[in-house]
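A.B. asks: So that we are looking at the same thing, I have put the structure below in structure tokens.
The values are calculated or read from the model by the stated rules, or taken from the named source; none is laboratory data. All figures in this text were calculated on a predicted structure; none of them were measured in a lab. Glycine also receives a Cβ, built like all others from the backbone with ideal geometry; neighbour counts cover every protein chain displayed. Areas reflect the complete protein model, heavy atoms only, side chains present, ligands, DNA and RNA absent. Shrake-Rupley method; radii C 1.70, N 1.55, O 1.52, S 1.80 Å.
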Amino acid sequence: MIWNPLTILVGFFPSTARREAAACSKRWQAAAARDPRLTLDIIRMGGVLDLQPVRLVDGYPEPEPIDPQRLAYEAGRRDFAMQLLALAHLTPDDLNILMETNDAA
């Protein structure tokens, strides 16, 4: 068994954490329902659909050498954007549909 102190803490405050998460989700879902362009803005600003840069070496694509700090920053930005989109109840199917439209890019 793995010792996880956070699990024990959640056991002390289960209803409070769930209520706050539900309230936060309702706020983001209402905001996304009022203005559907909000999700597109989060996708753009979070870099959710950005591709990793590549360079050609002898005709073969290789990942562009990237600074580890920048890589961590971009990954964190995408993760936060995905969390906001999840709060707005954007499903993976919705994201796939947005990827196929010209509006999201």
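A.B. asks: With labels modelled as points extended 7 Å from the Cα through the Cβ direction, what inter-label distance (nm, one decimal) is found for VAL57 paired with ILE97?
C.D. replies: Each label point is offset 7 Å from its Cα along the Cβ direction, giving 4.2 nm.
A.B. asks: Using the heavy atoms of the protein chains alone and a 1.4 angstrom probe, what is the accessible area of region 44-91 per residue in square angstrom?
C.D. replies: Result: 77 Å² of accessible area for each residue.
A.B. asks: Just to make sure I understand: if all protein chains stay in place, what is the order of THR39, THR91 by accessible area at 1.4 Å, largest first? Don't skip to the answer; put the middle values down first.
C.D. replies: Working: THR39 15, THR91 60 Å².
Output order, biggest surface exposure first: THR91, THR39.
A.B. asks: Relative to the present Cα-Cα distance, how much length would full extension add between ALA21 and ARG44 at 0.36 nm per residue of separation?
C.D. replies: Details: separation 23, 0.36 × 23 = 8.28 nm, distance 2.45 nm.
Answer, rounded to one decimal: 5.8 nm.
A.B. asks: Measure off 7 Å from each Cα along the Cα-to-Cβ vector at ALA30 and ALA86, then give the distance between these two points in nanometres to one decimal.
C.D. replies: In this crude spin-label approximation the distance works out to 2.3 nm.
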